[in-house]
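Shown next, in structure tokens, is the structure this report addresses.
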Amino acid sequence: MQLPPSEDTTPSIFSSQSGQSLLDWLSLSCFPGIGRTTVLRLLEAFGSPEQVFQSGSAKICTAEGIGRKIAEKISDPVQVRHAKKRAEEILVQ
């Protein structure tokens, strides 16, 4: 049985659970001024990028070595969208 040509059956890494997780991991590294050490500290404190993104800036500040500026950047929805867009661009290259 063939599907009509208008239906796209190509799997998208952005729509799958594992793809979203990969996007979140990469997004965390795509914030300007956030390097490996900061990412590792955030992951130690929160366990996953998803948990980092779900936390507010006050909670993010509780992670060792994470200051107010970084916490505000990570919890700002506009900054998160920009980081995720950069991550998507990297993934499709």
(request) Skip the ligands, DNA and RNA, and give the accessible area per residue of the stretch 18-93 with a 1.4 Å probe, whole Å². (result) 59
(request) Sticking with the crude label model, points 7 Å out along Cα→Cβ, report the distance from residue 59 to residue 44 in nm, one decimal please. (result) 2.0
(request) Could you list the residues of the stretch 52-92 with an amide nitrogen less than 17 Å from a label point located 7 Å from the Cα of residue 37 in the Cα-to-C-beta direction? (result) 63-71
(message) What is the percent carbon and sulfur in the accessible area of the stretch 16-78, measuring with a 1.4 Å probe over the protein chains and ignoring ligands?
(response) 52
(message) What distance in nm lies between label points placed 7 Å from Cα along the C-beta direction at residue 92 and residue 21?
(response) 2.4
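The values are calculated or read from the model by the stated rules, or taken from the named source; none is laboratory data. Here the structure is a predicted model, which is why all the values come from computation and not from measurement. Positions of Cβ are backbone-derived with ideal geometry, glycine not excepted, and every protein chain shown enters the neighbour counts. Heavy atoms of the whole protein, side chains included, go into the accessibility calculation; ligands, DNA and RNA do not. Shrake-Rupley method; radii C 1.70, N 1.55, O 1.52, S 1.80 Å.
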